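Where a number appears in this text, it was derived from the coordinates with a stated rule and is not lab data. Note that the structure is predicted; figures quoted are calculated from it, not measured. Glycine gets a Cβ as well: all are built from the backbone with ideal geometry, and neighbour counts include every protein chain shown.
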């Protein structure tokens with residue numbers, strides 16, 4: 001599959017439940033946040049899946065597309081993820097990473113799509129770091145950068 005090389009990259013909002021406690025993860029996140037000015041992270045307090053679900057759904061506006069990161073979601077290679085980001089028509093993509101309890105059924109039902117980072121399970125802090133790295137990798141793929149090599 002041929003990828004379109006483009007300089008455009010969608011606006012992305014990441015709703016993430018829980019605080020980052022490990023300094024080394026926080027440092028890694030800061031590196032990728034500087035590289036991704038299109039990214040806005042909204043950190044939600046652990047409050048139980050249903051209340052978190054209400055807060056997540058309140059973040060989605062108008063033509064935003066809600067994309068839930070779940071264990072049962074669709075798996076993409078990095079190149080397919082980049083192509084996916086280049087094709088989704090939306091003012092903003094709202095990705096969500098839940099707490100250790102996961103995401104509410106209402107968030108999963110409302111999601112435009114469910115994606116999985118891996119069949120393996122990761123702590124939410126590491127999942128957030130992995131996701132930001134994959135966003136940056138997708139951006140560089142779309143820009144034709146050598147980062148992905």
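How high is the relative contact order of region 11-143, in percent, with contacts defined as C-alpha pairs under 8 Å that are six or more residues apart?
Details: 212 pairs, mean separation 47.8, N = 133.
With pairs under 8 Å counted, the relative contact order is 36 percent.
Angle, helix 49-59 long axis vs. longest principal axis of the chain, Cα atoms, 0 to 90°, nearest 10?
Its long axis makes an angle of about 50 degrees.
Using a 10 Å cut-off around each Cβ, can you sort 8, 116 from fewest to most neighbouring Cβ atoms? Mind dumping the intermediate values first?
Working: 8 11, 116 15.
By the 10 Å Cβ count, ascending, the order reads 8, 116.
Given R₀ = 22 Å, FRET efficiency for residue 50-residue 75 by Cβ-Cβ distance, to 0.05? Let's see the in-between values first.
On the way: r = 28 Å, r/R0 = 1.25.
Working from the Cβ atoms, E equals 0.20.
With angles folded into 0 to 90 degrees, how steeply does helix 23-35 sit against the dominant principal axis of the chain? Use alpha carbons for both and round to 10.
50 degrees
Once each part is reduced to its C-alpha centroid, what is the distance from region 92-120 to region 1-75 in angstrom?
First find each Cα centre; the distance between them is then 10 Å.
Helix-derived [θ] at 222 nm for the chain: sum -39500 (n - 2.57) over DSSP H runs of at least 4, divide by residue count, nearest 500?
Numbers: 5 runs with 60 residues, N = 149.
Helix-only estimate at 222 nm: -12500 deg cm²/dmol.
To the nearest µm²/s, what D does Stokes-Einstein give for the chain at 10 °C and 1.306 mPa s, using the Kirkwood radius over alpha carbon pairs as Rh? Show your work: numbers first, answer last.
Working: Rh = 15.6 Å.
Diffusion coefficient, whole number: 102 µm²/s.
Which angle from 0 to 90°, rounded to the nearest 10, does the C-alpha axis of helix 78-87 make with the longest principal axis of the chain?
90 degrees
Looking only at Cα atoms, what is the convex hull volume of region 64-123 per residue, in Å³? Please list the in-between numbers first.
Working: hull volume 4.9 nm³, N = 60.
Cα convex hull per residue, to the nearest whole number: 82 Å³.
Express as a percent, rounded to the nearest 5, the fraction of DSSP beta bridges in the chain (both residues included) that run antiparallel.
Details: 1 of 23 bridges.
Looking only at bridges with both residues in the chain, the antiparallel portion is about 5 percent.
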